[in-house]
Amino acid sequence: MRFSVLGSGSRGNSVYIESGATGILIDNGFSGKELEKRLLSIGRSLDNITAICLTHEHNDHVAGAGVISRRCKVPVHANPGTFEGAEKRLGKLYQRADFATGDELSIDDLQVRSFRISHDTLDPVGYVVSDGTKHFGYCTDTGKVSKLMELRLARCHGLVLEFNHDPEMLKNGPYPLMLKQRVRSSHGHLANEEAGEFLGSLVHNSLQVAVLAHLSETNNTPNFAMAAALPHMPADHPARLLAAEQDKATDLFQL
């Protein structure tokens with residue numbers, strides 16, 4: 001199984017995961033042209049996309065999902081709350097595929113299981129994707145960590161976790177007070193230290209790659225996020241640790 005974070009942040013999010021002949025996107029907040037460019041940068045194309053799975057309805061996660069569904073003739077999987085919230089942004093889809101939060105989906109060579117997270121949307125989810133041997137976990141856009149999240153992500157060989165903001169940068173930054181309160185709330189976004197502790201609870205001997213994601217360009221830096229994560233990784237652990245970028249894809253990692 002392979003994955004790449006194609007871009008992560010408030011201006012667009014998408015992750016590509018593949019196994020065998022199956023390639024899925026978790027979210028797509030990019031235009032068709034931009035998504036195609038990012039896929040090409042990892043040696044893939046729109047032809048590799050089998051399906052799209054949505055986490056929630058915010059524009060930076062769904063803005064380009066409908067376009068790709070129609071253009072590539074692929075289904076979009078989401079729960080009814082996300083479809084309701086994203087209906088106008090998605091437009092007409094090639095195929096709408098509803099699931100209930102917590103369901104396990106079979107998408108050709110991949111099994112995809114959703115789990116509930118905490119964000120200011122109708123029914124936000126994270127995902128665990130498996131090819132039967134390896135497991136990949138995706139969890140961003142959550143204001144708090146739950147036992148369920150820890151349980152679902154505990155066996156993963158690859159992780160993408162939210163490290164959204166540095167509390168001091170947020171406090172002293174330019175956001176209006178209401179937006180600062182929203183970010184800090186239990187339905188907002190994880191701060192670096194909270195995220196670091198969450199990562200530490202998920203570290204195991206077979207973890208291979210952990211990507212710090214959804215960093216705020218206004219209220220965080222890759223150095224601050226890494227500084228919060230590193231103390232929670234054993235010094236001799238072989239896992240690769242890196243921060244995702246907004247403007248370019250990560251490598252295509254093999255698990």
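The values are calculated or read from the model by the stated rules, or taken from the named source; none is laboratory data. Quick caveat: nothing in here was measured; it's all calculated off a predicted structure. A quick note on method: Cβ atoms are made from the backbone with ideal geometry, for glycine too, and the neighbour counts reach across all protein chains shown. In case anyone asks, the SASA skips ligands and DNA or RNA and just uses the protein heavy atoms, side chains included. Shrake-Rupley method; radii C 1.70, N 1.55, O 1.52, S 1.80 Å.
The table for this structure:
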| quantity | calculated |
| --- | --- |
| Search result, residues across segment 93-151 that are under 22 Å from residue 50 (Cβ atoms), of a type in the set (A, V, I, L, M) and surrounded by fewer than 23 Cβ atoms within 10 Å (Cβ to Cβ) | 93, 97, 100, 105, 107, 112, 128 |
| Segment 34-48 residues that are among the hydrophobic types (A, V, I, L, M, F, W, C) and modelled with pLDDT of 95 or more, paired with ones that are open to solvent by 50 Å² or more (accessible area, probe 1.4 Å) and not in a helix (DSSP H, G or I) (beta carbon under 9 Å, 6 or more apart) | 42/2; 42/251 |
| Among the candidates 112, 145, residue that is touching a residue at least 24 places away in the same chain (Cβ under 8 Å) and outside any loop (DSSP other than H, G, I, E, B) | 112 |
| Any pair with Cβ under 6 angstrom, 6 or more apart, that starts in segment 152-171 at a residue that is open to solvent by 30 Å² or more (accessible area, probe 1.4 Å) and ends at one that is at pLDDT 95 or above | 152/115; 152/128; 155/135; 166/192; 166/220; 166/224; 167/191; 169/219 |
| Selection count where residues are of a type in the set (Phe, Trp, Tyr) and within 20 Å of residue 91 (Cα to Cα), scope segment 1-56 | 1 |
| Matching option when the condition is closer than 15 Å to residue 253 by Cα and either crowded, with 21+ Cβ neighbours inside 10 Å or not β-branched (Val, Ile, Thr) (or both), among 17, 26 | 17 |
| Residue match in segment 89-110 (condition: in contact with a Ser or Thr (Cβ under 6 Å, 6 or more places away or on another chain), among the charged types (D, E, K, R) and closer than 25 Å to residue 145 by Cβ) | no |
| Members of segment 237-255 that are in a loop (DSSP other than H, G, I, E, B) and not charged (D, E, K, R) | 237, 238, 239, 244, 246, 249, 250, 252, 255 |
| Residues (outside any loop (DSSP other than H, G, I, E, B), open to solvent by less than 10 Å² (accessible area, probe 1.4 Å), within 24 Å of residue 102 (Cα to Cα) and not hydroxyl-bearing (Ser, Thr, Tyr)) located in segment 41-82 | 51, 52, 53, 61, 62, 65, 66, 76, 78 |
| Top-ranked residue in segment 17-40 [being of a type in the set (S, T, N, Q) and part of a loop (DSSP other than H, G, I, E, B); ranked as farthest from residue 133 (Cα to Cα)] | 31 |
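Residue by residue, here is whether (1) within 13 Å of the chain's Cα centre (by Cα); (2) on the phi < 0 side of the Ramachandran plot holds:
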position	(1), (2)
27	yes, no
30	no, yes
60	yes, yes
63	no, yes
78	no, yes
81	no, yes
90	no, yes
99	no, yes
